[in-house]
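> Before I ask anything, let me first share the structure, which is written out below as structure tokens.
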Amino acid sequence: MMALRAGLLGVGMMGRHHARVLRETEGIDLVAIADPGGDPHGVAGGLQILPDIEALIAEGIDVAVVAVPTRFHEDAALKLAAAGVHTLVEKPIAHSIEAGQRMVDAFAAAGLVGAVGHVERFNPALQQLRARLEAGDLGEVYQIATRRQSNFPARIADVGVAKDLASHDIDLTAWVVQSDYDLVFAQTEFKSGREYEDMITITGRTKSGVIVNNIVNWLSPMKERVTVVTGEKGAFVADTATGDLAFFANGTIPLEWESVSTFRGVSEGDVTRYAFAKREPLRVEHEAFRDAVLGKQSHVVTMEQGQRTLTVVEAALESASKGASVKL
């Protein structure tokens, strides 16, 4: 079978990684790159840098990756849908719920695969975590808490930390516990002098009753990417920056050291750090997109799912502005 002809729109900080992985993914041939800003990271190789989405489509591509600023997602995606091109759009799906819905509708009407780049779902630690939850290793899930903190990124200019980073945690939270958000309450801060928030905390509950807490900011001197799922039999801790997963089991051995039991409870159990293969999440994401285009079973993040995540982000921002919880 001939390789899928792929086009890439945008070769900035994220687009450069897409260029590399597209070239390395079996069954995909990167044949065209477009970016009105040129090639700042020198990833084009022997390809000409095309000026716009129209020129990219004219190259006769089968699939496309859109890695331009969020405000340009809708225009590019709608033109690709009209041209019959299967498309993976970087997260968030769009700058507004209305724009995102137009994208969802366009790809559904055209019968095309439309996907959103919520790459954390393909992180080996979270995939292992999801599989172990499904196997019942934790029993009933009570709570999921995420922390995503880092310093300020100069590359992001058109959205705040909620759409850029919290969208990762909202998507992975709903996916890990297999239940959409039902209620959110959020608080934001604006410390960097921009119109967009650079800190957000989101608390809430999923439709299945799991308590949710997402802590996200661009104001931290250290980088942290942690997901903790607490349940009936203990707690899983996933570090998506390193791809590590550990399980802290509830114990059955009583503690006789009073000062320790005060902080750790009446008993503590074994702590297990799992060993498993760790493949690059972006590569796994591209393989899932390729398989979806080829009609194979795939766990690609659909545009419908990306739209649900954006809806939760907007609800959180609404909550923060009103100072009240928002029910989805």
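The values are calculated or read from the model by the stated rules, or taken from the named source; none is laboratory data. Predicted, not measured: the structure shown is a model, and the values here were computed from it. Cβ coordinates were reconstructed from backbone atoms using ideal geometry, including for glycine residues, and neighbour counts include every protein chain displayed. These accessible areas exclude ligands, DNA and RNA; they are computed on the full protein's heavy atoms, side chains included. Shrake-Rupley method; radii C 1.70, N 1.55, O 1.52, S 1.80 Å.
> When ALA154 is evaluated against the numbered criteria (1) at pLDDT 95 or above; (2) open to solvent by 10 Å² or more (accessible area, probe 1.4 Å), which criterion, by number, is the only one it fails?
ALA154 satisfies every listed condition except (1).
> Could you identify the single residue in ARG290, ARG283, ARG279 that is modelled with pLDDT of 95 or more, out of contact with any strand residue (DSSP E or B) (no Cβ under 8 Å at 6 or more places or on another chain) and part of a helix (DSSP H, G or I)?
ARG283
> Can you tell me which residue in segment 262-276 is farthest from the chain's Cα centre (by Cα), limited to those that are modelled with pLDDT of 90 or more and open to solvent by less than 60 Å² (accessible area, probe 1.4 Å)?
THR272
> To continue, here is another question. ASP52 passes all but one of (1) surrounded by 24 or more Cβ atoms within 10 Å (Cβ to Cβ); (2) touching a Pro at 6+ places or on another chain (Cβ under 8 Å); (3) more than 30 Å from ALA235 (Cβ to Cβ); which number fails?
The one condition ASP52 does not meet is (1).
> Is it the case that some residue within segment 167-176 is free of Cβ contacts under 8 Å to residues at least 60 places away in the same chain, out of contact with any Asp or Glu (no Cβ under 8 Å at 6 or more places or on another chain) and either more than 19 Å from THR309 (Cβ to Cβ) or polar (S, T, N, Q) (or both)?
yes
> Still on this structure, I have one more. In segment 1-22, what count of residues is obtained for those that are open to solvent by 10 Å² or more (accessible area, probe 1.4 Å) and within 11 Å of ALA44 (Cα to Cα)?
Selection size over segment 1-22: 2.
> When the residues of segment 157-188 are narrowed to those that are among the polar types (S, T, N, Q) and part of a strand (DSSP E or B), which ends up least open to solvent (accessible area, probe 1.4 Å)?
THR188
> From the set of residues in segment 277-327 that are small (Gly, Ala, Ser) and within 17 Å of VAL89 (Cβ to Cβ), which is most open to solvent (accessible area, probe 1.4 Å)?
So, considering only residues that are small (Gly, Ala, Ser) and within 17 Å of VAL89 (Cβ to Cβ), the one most open to solvent (accessible area, probe 1.4 Å) is SER298.
> Any residue at all in segment 139-151 that's within 25 Å of SER96 (Cβ to Cβ) and surrounded by 15 or more Cβ atoms within 10 Å (Cβ to Cβ)?
Looking for residues that are within 25 Å of SER96 (Cβ to Cβ) and surrounded by 15 or more Cβ atoms within 10 Å (Cβ to Cβ), one finds at least one in segment 139-151, hence yes.
> Sticking with this structure for a sec: Go through segment 198-244 and give me each residue that's open to solvent by 60 Å² or more (accessible area, probe 1.4 Å), closer than 18 Å to ALA316 by Cβ and under 18 Å from the mean Cα position of the chain (by Cα).
MET199, the sole residue that qualifies.
Here's the yes/no breakdown for (1) within 14 Å of GLU285 (Cα to Cα); (2) among the acidic types (Asp, Glu); (3) modelled with pLDDT of 95 or more; (4) in a helix (DSSP H, G or I):
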site: LEU56; (1), (2), (3), (4): no, no, yes, yes
site: ALA64; (1), (2), (3), (4): yes, no, yes, no
site: VAL68; (1), (2), (3), (4): no, no, yes, no
site: ALA125; (1), (2), (3), (4): no, no, yes, yes
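> Would you confirm, using the coordinates I've provided, whether GLY45 is open to solvent by less than 30 Å² (accessible area, probe 1.4 Å), under 22 Å from LEU282 (Cα atoms) and at pLDDT below 95?
No: the conditions fail for GLY45.
> For segment 77-116, name all the residues that are of a type in the set (S, T, N, Q) and open to solvent by 10 Å² or more (accessible area, probe 1.4 Å).
Those that are of a type in the set (S, T, N, Q) and open to solvent by 10 Å² or more (accessible area, probe 1.4 Å): SER96, GLN101.
> Continuing with this model, one more query. Looking at SER259, is it modelled with pLDDT under 95, open to solvent by 30 Å² or more (accessible area, probe 1.4 Å) and touching a Phe, Trp or Tyr at 6+ places or on another chain (Cβ under 8 Å)?
no
> Taking VAL43, is it under 10 Å from LEU8 (Cα atoms) and assigned to a loop (DSSP other than H, G, I, E, B)?
Considered against the rule, which asks whether it is under 10 Å from LEU8 (Cα atoms) and assigned to a loop (DSSP other than H, G, I, E, B), VAL43 comes out as no.
> If GLY60 meets every condition in (1) open to solvent by 30 Å² or more (accessible area, probe 1.4 Å); (2) in contact (Cβ under 8 Å) with a residue 40 or more places away in the chain; (3) not in a loop (DSSP other than H, G, I, E, B) apart from one, which number is that one?
That leaves (3) as the condition not met.
> In segment 23-37, what residues are crowded, with 18+ Cβ neighbours inside 10 Å and small (Gly, Ala, Ser)?
Within segment 23-37, ALA32, ALA34 qualify.
> Counting only residues that are of a type in the set (A, V, I, L, M) and part of a loop (DSSP other than H, G, I, E, B), how many does segment 5-40 have?
Number of matching residues: 3.
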